[in-house]
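Just so it is clear, none of the values below were taken in a lab; they were calculated from the coordinates. If you're wondering where the values come from, they're calculated on a predicted model, not measured in any experiment. Positions of Cβ are backbone-derived with ideal geometry, glycine not excepted, and every protein chain shown enters the neighbour counts.
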Amino acid sequence: MEHAGGDKLPGDPLFTHCHRELFHAQWNDLLDDEFLHGYEHGMVFECGDNIKRRLFPRIFTYSADYPEKYVCTFLQAYLLKKLWPQGSHSQYPQPWWMSMSPVPHP
Amino acid sequence: MQTEDDAPLAVRRSRRTNRQLQKRFRDMLPEPPLPLPPQDADLLLEVDALQANSSPSMTPNVPSPQADPTAQSARPPSKSCAVLTTQKNSFGLFRVYDEESIPNANNPEDQSGAGPLLAHRLNAPTSQTLPGSVNPFHPYPNESSWLIGDWYWNQGVQKSKQNFKQLVGIIASADFRSEDLRQTNWTAIDRQLGSLGSVVRDPSQTTSMTAGSEEWEAEDGSWIRRVITISVPFPRRFLHPGPRNYTISNFYRRSLLSIIREILSDPARCRYFWFEPYSLRWKHSDGVDDIGVHGELFTSQAFIAAHRDLQSAPLDPSTSCTLPRRIVALMFWSDATQLTAFGDAKLWPLYVYFGNESKYERCTPIANLCSHAAYFQTICIFCLQRTNFNRFQFSYLIISKIL
């Protein structure tokens, strides 16, 4: 990951680190406790068709461009740690996309 | 015989009546969708008996390795569940449903045709998205004002001859009433249009919305402004080495669950939302084995596996919940966007699509199926340096950025 978001400072590991940390911190905020609770226990919601369901949000894909993809690559392991903390791996199986390797850039 | 001889040669000539275009020129239209299984699985056999001769019908069967290899590979053999297989259509396509997740009667596929959601949304009057509002031209008071407002905002920034013709067309139409415009408060309407999300909004959140509110507001109900802090480990060459906090205060995001709630509370969206996955398979007319067909996310192995895991997963024992457990498939994508031709104004939005909706709907821009979830911030190197760079390092940074 040379840069993220356009600020090009190649070769400086400090900024590389900061970009990644900030991106992860923002995702950390996005996947808040409410979402994690919904992920684990479901969210009871009466949909527009008047049927009450217990909805479980699942992340299936994440598409990103060339430079961003490398930020997202780190995100895989990061999300895994967040959604499946130590000790709960056996209870909630790892989804397929967590085990996928990133697609190489053509 | 005599009359035939008198007729022109072109008429007398014998013709093939069953002429067909060559196969490669034939246009094969999509098949109408197959009927879905009956809602009550217990009645299946009875329905089958009644409709024995009608085609197509549903036949329940227990999965065999040939019939549903996906099911066998996706879950352990001990947990085999009954599946329902539709009859093949003329292309040899058929579907395999789990018996326990048969779609209900108002399933998306019942309303067939190209772009059902789009057609529905385009035909739906505006008042459907504005519960409690009588005026379909809200926030404009009447149709004439709405036409003029639409012309002003949506027909391009620079006025051209075509724009002029459009304006003349609006004014010259028989329905246009110039007296309607006199009472219109344009400033108030523009302010209302500009306040984010005030036009289409979850009815449960309308109370928190105030007309003319600022675009980004914490109490907006959907958009949240967050402060994010990271620890920056400054190396030894900096003025103050060691970890220091770096804070951004303008990370705007929405709650992901509130996006789901907003989408699914809309009956039009919910109607075309696939909660029940199925496996789409193809079998050649001469063939014995069938093969899986890739298509939608809700027919993918990943979705089916996640759905089955969810059905078999133990829930919290404290809640004896009997509600149907369904998956909402989030598909994120993000791309940093340069906003202006000159300058460095840019945005890095995070979008989210729902995999439960058909990809043919999702790829239609005017269907508006994409939701904005967040706007990522990036490190501002000049903010970073302010605290911890000496003058030499700062000038080095400037030069390296320019070069």
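Here are the numbers for the structure shown:
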read-out	value
Above-threshold pairs, the threshold being 30 Å between Cα atoms, out of B:K88/B:K359; B:K283/B:K359; A:K52/B:K88; B:K159/B:K346	A:K52/B:K88
Average partner coverage of A:37-47, which counts Cβ from other chains inside 10 Å	5
Highest to lowest packing among B:93-101, A:45-53, scored as the average C-beta count within 10 Å	B:93-101, A:45-53
Where labels lie 7 Å past Cα in the beta-carbon direction, separation of B:S249 and A:L31 in nm	2.9
Full-stretch length increase - B:W186, B:R24 - with 0.36 nm per residue and alpha-carbon distance subtracted	52.6 nm
FRET efficiency for B:R15 and B:K283, using Cβ-Cβ distance with R0 set to 41 Å, rounded to 0.05	0.60
Added length on full extension, which subtracts the Cα-Cα distance from 0.36 nm per residue, B:D6 to B:V168	52.2 nm
Per-residue mean of C-beta atoms belonging to partner chains within 10 Å, peptide B:266-279	2
From phi via Karplus (6.51, -1.76, 1.60), per-residue ³J(HN,Hα) for the range A:44-56 in Hz, x at Gly/Pro	6, 8, 8, 6, x, 8, 6, 10, 8, 10, 9, 9, 10
Per-pair calculated FRET efficiency, R0 = 41 Å: B:C370 and A:K52 via Cβ, rounded to 0.05	0.95
